[in-house]
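Just so it is clear, none of the values below were taken in a lab; they were calculated from the coordinates. Computed from a predicted model, the values in this text were never measured in an experiment. Using ideal geometry, Cβ is built from the backbone for each residue, glycine included, and neighbour counts are taken over all protein chains shown.
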Amino acid sequence: MSFNKSEYIWFDGAFVPWDEAKVHVLSHALHYGSSVFEGIRCYDTATGPAIFCLEAHVKRMVCSCRIYRMELPYSPECLSQAIVDTVARNKLRSCYIRPLAFRGYAQLGVEPRSCPVQVIIAAWDWGAYLGAEALEQGVDVGVSSWRRMAPDTTPAAAKVGGHYANSQLIRMEAAEHGYAEGIALDIHGYVSEGSGENVFLVQDGVLYTPPLSASVLAGITRSCTITLARELGYEVRETMIPREQLYMADEVFFTGTAAELTPIRSVDRIVVGQGCRGPVTTRLQDEFFKIVSGRVPDRHHWLTPVPMA
Ligand code: PPE
């Protein structure tokens with residue numbers, strides 16, 4: 001997959017052309033993974049582009065920085081405005097937005113705090129994360145031999161560059177085994193999450209998802225899905241999930257900004273339910289896409305409009 005380049009990247013307060021947004025090779029983040037990031041989607045609606053859950057993403061970014069003692073040189077309001085401006089400036093309608101704060105260039109050595117915190121915001125056109133057909137047909141996944149981090153190693157709630165070393169191992173192993181994605185277990189052997197997605201199960205009409213204590217990222221799509229499911233009258237249980245429940249479930253699906261709501265049709269080559277997108281997944285997907293595309297009123301105030309030039 002290569003980039004669908006856009007024109008400008010916001011870099012420490014100014015727009016620079018995409019190809020000129022560069023850093024020094026001795027930047028701290030490049031060596032030690034000392035970066036904090038977000039992935040946000042902007043959807044095309046009848047009234048113009050709208051950014052999904054902007055405030056929640058900026059808030060999580062601020063929290064990730066706090067955990068890693070990284071002082072953001074911009075206020076949350078300023079970052080939110082810069083994110084909106086990045087979409088508008090690039091004249092994008094639907095896109096994926098990647099804000100990133102990182103420890104820059106000053107000196108090396110693990111103690112990072114002498115390095116400046118720099119911020120970039122990029123936005124570009126990024127289609128379906130797990131392949132074009134995934135949203136309809138579902139994907140084949142496998143349980144990974146790599147576990148998510150123990151809670152006293154790296155904090156799963158922080159969306160930090162270095163943590164994605166673990167995600168990369170999960171994702172590459174999955175690809176080697178012919179899977180679209182892997183599901184990792186937590187330190188106790190319970191289901192945790194995908195390399196870049198949260199996981200939900202449906203069993204006898206009840207939704208299950210691992211609790212935040214199972215080393216998962218507090219996914220924003222996860223939280224919206226829980227809200228939508230409860231509105232539709234489903235019971236949602238945030239509870240420890242043993243591996244075999246993945247095989248017994250009627251439906252399994254991923255949630256994430258990039259993955260949106262992606263059905264899972266097999267786990268470890270064991271067919272999930274009927275081996276296709278199930279009815280509950282379909283209903284939740286419908287509800288989700290109706291809201292983000294502006295086809296129904298934004299009753300939860302999840303959308304931030306982007307003014308068009
Ligand atoms: N868990 C992980 C580990 C994760 O990276 C993501 C997002 C989620 C759960 C879902 O969180 P949310 O997007 O708030 O619903 N992964 C981002 C990065 C993907 C990438 O390949 O880069 C994303 O979906 O934007």
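A few remarks follow.
- Residues of the range 116-141 with amide N under 17 Å of the 7 Å Cα→Cβ point at residue 63: none
- For the range 42-52, 3J(HN,Hα) per residue [Karplus equation, 6.51 cos²θ - 1.76 cosθ + 1.60, θ = phi - 60°, Hz, x = Gly/Pro]: 10, 10, 7, 10, 4, 9, x, x, 9, 8, 8
- Using only side-chain charges placed at the Cβ, +1 for Lys and Arg and -1 for Asp and Glu, the dipole size of the chain relative to its Cα centre rounds to 520 debye.
- Sorting the segments 150-161, 210-221 by their mean number of nearby beta carbons within 10 angstrom, highest to lowest, gives 210-221, 150-161.
- Here the Kirkwood formula, the inverse mean of 1/r across different C-alpha pairs, assigns the range 1-91 a hydrodynamic radius of 14.9 Å.
- Ranked packing of 179-190, 255-266, 240-251, most packed first, by mean Cβ within 10 Å: 255-266, 179-190, 240-251
- Burial ranking of peptide ranges 293-306, 132-145 (average Cβ count within 10 Å, highest at the top): 132-145, 293-306
- Listed by chain and number, the lysines whose C-alpha is less than 18 Å from the C-alpha of residue 5, apart from same-chain residues fewer than 8 away, are 22, 91.
- Charge dipole (debye, nearest 20) of the range 104-251; +1 at Cβ of Lys and Arg, -1 at Cβ of Asp and Glu: 640
- Over all pairs of different C-alpha atoms, the chain has a mean inverse distance whose reciprocal, the Kirkwood radius, equals 20.0 Å.
- Spin-label pair residue 213/residue 244, simplified geometry with 7 Å Cα→Cβ offset, distance in nm: 2.3
- With respect to the chain, whose longest principal axis is taken over its alpha-carbon atoms, helix 279-292 is tilted by about 30°.
- Dipole of the range 35-132, positive direction: furthest Cα of 92, 45, 73, with charges on the beta-carbon: 73
- Per-residue [θ]222 nm for the chain (sum of -39500 (n - 2.57) over DSSP H runs n ≥ 4, rounded to 500): -7500 deg cm²/dmol
- For the range 245-309, the alpha-carbon radius of gyration amounts to 1.42 times the rule-of-thumb value 2.2 N^0.38 Å expected for a compact globular protein.
- From the alpha carbon centroid of the range 195-245 to that of the range 68-101 is 28 Å.
- Label zone at residue 55, where the point sits 7 Å out along the Cα-to-Cβ direction: the range 268-308 residues whose backbone N lies under 18 Å: 292, 297-307
- Here the Karplus curve 6.51 cos²θ - 1.76 cosθ + 1.60, taken at θ = phi - 60°, turns the phi angles of the range 224-231 into couplings of 5, 5, 4, 4, 5, 4, 5, 4 Hz, with x standing for Gly and Pro.
- Cut-off under 5 Å, modelled amide H: who pairs with residue 123 long-range: 98
- What the Cα convex hull of the range 129-253 gives, in volume per residue, is 107 Å³.
- The C-alpha radius of gyration of the range 1-49, expressed as a fraction of 2.2 N^0.38 Å, stands at 1.51.
- Total charge dipole magnitude, the range 187-247, about the Cα centre, Cβ charges on Lys, Arg, Asp, Glu only, Debye to nearest 20: 80
- Scattering profile of the range 189-301 at q = 0.13, 0.15 Å⁻¹ [log10 I(q)/I(0), Debye over alpha-carbon scatterers]: -0.44, -0.59
- Across the range 81-175, the volume of the C-alpha convex hull divided among the residues equals 165 Å³ per residue.
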